[in-house]
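Read the structure below first, then the notes.
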Amino acid sequence: MKSLQLLRWVMIGLSVAIGISLMARGNVVLGAVLIALALMRATMFASRQGRRQQFTARRQQGSPDGSGPVQWGGSSGGGFIPMGGRSRMMGGGAAVPVSSITVGGVQRQYIVHRPTSLTGATAVPLVVMLHGGFGSADQAQRAYGWDAAADRHGFVVVYPNGIGRTWNAGTCCGPAMRDGVDDVGFIDALVTELIRAQGIDPTRVYAAGMSNGAMMSYRLACELPGRFAAIGPVAGSMTVHCARAAPTSVCHIHGLADDRVPFSGGVGPRGFAKDARPSIPSVMDIWRAVDGCTTPTMNHNGFVHTQSADGPNGVNVTLITIDGAGHQWPGGRAAPPRAARALGIDPPSTAIDATSTLWQFFAAHPRRV
């Protein structure tokens, strides 16, 4: 059994290596497809392994009902129906609806989490959580802990799905960028629908994103001026010109050892996309100028360094960097060790919890009208 499992991980790793080789030789489409399929297979295989281990442990503990947390990616375990379906099943047996909206003749999908404690009478905040490249709405919901934060603090969180597991964030990335997908129009229409259907406060709409999703959050802030009160990019850069931007609070989190989206800019040695990105300090300079901020102040706490600058009407631009952290979501769920080794997935930093940090920032920075 162990030999078969090892063989599967070897095949997954080989598929990723072949995909990277194809992309390096210019066959970007085939390489990206092969890598995406390998990542999907790795996620499904790791999930099955985790459920087997959990079931065995629970039987040993006298708990044969299969309830409890997953090993990687969220607060509830269990398999899922592919996102083309109408729902996915959580470990406890509850169905999580997968909703859709048609924008520009294209049907787009998303998952909404609304805490049961919220009533319909009070306007509540909304966080749009944008998955990374090769990620998905389901993966982001399981991996980053936003559902638990929403339950604790009383806000709605939505997880949209990118096309081909990517977002058209400007010069990056993959099928969405190559095909000119209107992701800005999709997110704008989605927020409009949720304001209507979920009783969202329009002055407290926020966007967070990982990697390619972080890049997309910057594009949203640049091209939908006034829509978002604040954004929280993690492990990404800005890959669009930002001439139309309105003052928007920004809290950017970045690992200083990120070799996919380097802090100093350029092309990361391990990144699949090969477009050069601006350095993170230069992006912060742009947003401090947009927001009319004062000179930033610095704070150092162990491995964590925080640069913060205030602007008029309560806006703020904050940069949080972490020594030794790679391309990851700090405080997120770690991939199983075999999957991490086979796919080169960086471990999440434990220096901070990105989700908690971003929510505290969002809550303190509504849009002033």
Taking TRP359, TRP287 and ranking on accessible area (1.4 Å, protein atoms only), highest first, one gets TRP359, TRP287
Would you please put 219-227, 330-338 in order of how densely packed they are, using the mean number of other Cβ atoms within 10 angstrom per residue and starting with the highest? 219-227, 330-338
So what is the relative contact order of segment 102-219, in percent, for Cα pairs below 8 Å that sit 6 or more residues apart? 35
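Work out how much length ALA243 to ASP323 would gain on full extension: take 0.36 nm times their residue separation and subtract the Cα-Cα distance, in nm to one decimal. Kindly include the intermediate steps, with their values, before the conclusion.
On the way: separation 80, 0.36 × 80 = 28.80 nm, distance 3.21 nm.
Gain in length upon complete extension: 25.6 nm.
For the ranges 181-189, 100-108, 268-276, what's the packing order if you count other beta-carbon atoms within 10 Å of each residue, average per peptide, and put the highest first? Walk me through the intermediate numbers first.
Numbers: 181-189: 19.7, 100-108: 12.7, 268-276: 16.2.
For the peptides 181-189, 100-108, 268-276, the packing ranking is 181-189, 268-276, 100-108.
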Residues with amide H under 5 Å from that of GLY292, placed H, sequence gap 5 or more: none
Each residue of segment 223-239 in order: what ³J(HN,Hα) in whole Hz does its phi give by Karplus 6.51 cos²θ - 1.76 cosθ + 1.60, θ = phi - 60°, with x for Gly and Pro? 9, 10, x, x, 6, 10, 6, 7, 10, x, x, 10, 6, x, 10, 9, 10
Amide H to amide H under 5 Å from VAL124: which residues, 5+ apart in sequence or cross-chain, H placed 1.01 Å off N in plane? ILE200, ASP201
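Give me the net charge for the shell around ALA257: Cβ to Cβ below 15 angstrom, other residues only, Lys and Arg +1, Asp and Glu -1. Please list the in-between numbers first.
Working: positive: ARG260, ARG270; negative: ASP258, ASP259, ASP323, ASP346.
Charge balance near ALA257 sits at -2.
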Output wanted: per-residue J couplings in Hz (rounded whole) for segment 327-337, from phi through Karplus 6.51 cos²θ - 1.76 cosθ + 1.60, θ = phi - 60°, x for Gly and Pro. 8, 7, 9, x, x, x, 7, 6, 5, x, x
Could you tell me which of PHE228, ALA148, CYS173 has its Cα farthest along the dipole of segment 120-238 towards the positive end, charges placed at Cβ (Lys, Arg +1; Asp, Glu -1), taken about the Cα centre? ALA148
List the residues, sorted by chain then number, that are 5 or more residues from ALA208 or on another chain and whose placed amide H is less than 5 Å from its amide H. VAL128, MET129, LEU130, GLY232
If you build the convex hull over the alpha carbons only and average its shadow over all orientations, what do you get for segment 249-369? Give it in nm² to one decimal. 8.3
Quick check: Cα centre of segment 126-185 to Cα centre of segment 266-324, how many Å? 21
Using the Karplus curve 6.51 cos²θ - 1.76 cosθ + 1.60 with θ = phi - 60°, work out ³J(HN,Hα) for each residue of segment 301-310 in order, rounded to whole Hz, and write x for Gly and Pro. 9, x, 7, 9, 10, 10, 10, 9, 9, 9
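What value does segment 210-314 have for Rg/Rh, both radii from Cα atoms and Rh as Kirkwood defines it?
Values: Rg = 13.6 Å, Rh = 14.2 Å.
Ratio value, two decimals: 0.96.
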Dipole of segment 227-360, Cα-centred, from +1 at each Lys and Arg C-beta and -1 at each Asp and Glu C-beta, to the nearest 20 debye? 440
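The values are calculated or read from the model by the stated rules, or taken from the named source; none is laboratory data. From a predicted model like this one, the values you see are computed outputs, not experimental measurements. Methodologically, a virtual Cβ is constructed for each residue, glycine included, from the backbone with ideal geometry; neighbour enumeration extends over all protein chains shown. Note: accessible area is taken over every heavy atom of the protein model, side chains too, but ligands, DNA and RNA are not part of it. Shrake-Rupley method; radii C 1.70, N 1.55, O 1.52, S 1.80 Å.
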